[in-house]
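Quick notes on the structure that follows.
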Amino acid sequence: MAIRCFVLDDEPLATNLLQDYISRLPDLELVGISNSPSQALGTLQQMMVDVIFLDIQMPRLTGFDLLRPLSYRPKVIFTTAFREYALESYEFDVVDFLVKPISFERFLQSIGKLYRFSAVPFTPSEVQEQPNTTRDYQYFKVDKEMVKLYLDDILWIESLKDYVRIHTVSGSVVSYLRISYLEEKLPPNRFIRIHKSFIVALNHVQAVSATYIRVNNVEIPIGRIYKAKLDETLQKK
């Protein structure tokens, strides 16, 4: 199910930009867009959304003023040119804080946080009523496309300095990401870093020796400083 998005910014250029970014991702659905905070407040009081892309400094109502009277708490990605609002913004259910001008790459980082590597939608009633039977996934930028990869299809990840090569059951792709970023974001009960250049998926490990892990019949080296954590993780399995 698509994540229902609402965009509010008093600058039409800003809303147009976010509308374009949202349209590029198939799992995002733009259900509302506004340049008027007072009109948007009335709409949001009658229609629940999953996430609001919200400017802070606007005429008459600030982004904070708009959120406080809502009867529910949507996820919030603040979009502003003023960094000084960052501290106050965390009073709310903030996913991220984007400072203008917003690049598509920075927008994708916010969406990565929003997904949390899960396909579960954010509407509370739906989450409670329907168990999550979908497969966890993440989008990766590959050339000019956003490619959807299921986490249980990933075999291992190889660092290429500012890029990574992601090996999957159906082949490999190269994405503009650092391996350290993925190490922080991937679920630690499913992936582990075993070398400065490699992360492996634990459920695809075929064999382990003192110096390598075998995944998909490929021997991947174990770095000395990572071995203790690997041994501890494997003992818990």
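The values are calculated or read from the model by the stated rules, or taken from the named source; none is laboratory data. Owing to the predicted nature of the structure, the values given are computational and were not obtained by experimental measurement. Don't worry about glycine lacking a Cβ; one is built from the backbone with ideal geometry, like all the others, and counts go over all protein chains shown. Heavy atoms of the whole protein, side chains included, go into the accessibility calculation; ligands, DNA and RNA do not. Shrake-Rupley method; radii C 1.70, N 1.55, O 1.52, S 1.80 Å.
Does any residue of the stretch 89-99 turn out to be part of a helix (DSSP H, G or I), open to solvent by 10 Å² or more (accessible area, probe 1.4 Å) and either at pLDDT 80 or above or more than 27 Å from Tyr139 (Cβ to Cβ) (or both)? Let's see the steps before the verdict.
First pass over the stretch 89-99, keeping only residues part of a helix (DSSP H, G or I): 89.
Among the residues that remain, those that are also open to solvent by 10 Å² or more (accessible area, probe 1.4 Å) are: none.
Within the stretch 89-99, not a single residue is part of a helix (DSSP H, G or I), open to solvent by 10 Å² or more (accessible area, probe 1.4 Å) and either at pLDDT 80 or above or more than 27 Å from Tyr139 (Cβ to Cβ) (or both).
Does Ile192 count as touching a Ser or Thr at 6+ places or on another chain (Cβ under 6 Å), of a type outside the set (D, E, K, R) and open to solvent by less than 70 Å² (accessible area, probe 1.4 Å)?
Yes.
State all residues of the stretch 170-185 that are farther than 16 Å from Leu108 by Cα, outside any strand (DSSP E or B) and open to solvent by less than 90 Å² (accessible area, probe 1.4 Å); if no residue qualifies, say none.
Ile179, Ser180, Glu183
Test Ile77 against the stated conditions and say whether it is of a type outside the set (Gly, Ala, Ser), crowded, with 19+ Cβ neighbours inside 10 Å and either at pLDDT below 60 or assigned to a loop (DSSP other than H, G, I, E, B) (or both).
no
Exactly one of these conditions fails for Val164: (1) more than 26 Å from Asp143 (Cα to Cα); (2) under 20 Å from the mean Cα position of the chain (by Cα); (3) surrounded by 14 or more Cβ atoms within 10 Å (Cβ to Cβ). Give me its number.
Going through (1) more than 26 Å from Asp143 (Cα to Cα); (2) under 20 Å from the mean Cα position of the chain (by Cα); (3) surrounded by 14 or more Cβ atoms within 10 Å (Cβ to Cβ) one by one, Val164 breaks only (1).
When both residues are 6+ apart or on different chains and their Cβ atoms are under 9 Å apart, which pairs have a first residue that lies in the stretch 197-211 and is under 20 Å from Val164 (Cα atoms) and without any contact (Cβ under 8 Å) to a residue 60 or more places away in the chain, and a second that is among the acidic types (Asp, Glu) and open to solvent by 70 Å² or more (accessible area, probe 1.4 Å)?
Ile199/Glu183
Just one of (1) out of contact with any Ser or Thr (no Cβ under 9 Å at 6 or more places or on another chain); (2) hydrophobic (A, V, I, L, M, F, W, C); (3) closer than 17 Å to Phe140 by Cα trips up Ala207, so point out which.
It fails just one condition, (3).
Taking the options Tyr212, Tyr226, name whichever one is at pLDDT 90 or above, open to solvent by less than 50 Å² (accessible area, probe 1.4 Å) and hydroxyl-bearing (Ser, Thr, Tyr).
Values: Tyr212 fails: open to solvent by less than 50 Å² (accessible area, probe 1.4 Å).
Selected residue: Tyr226, the only one of Tyr212, Tyr226 that is at pLDDT 90 or above, open to solvent by less than 50 Å² (accessible area, probe 1.4 Å) and hydroxyl-bearing (Ser, Thr, Tyr).
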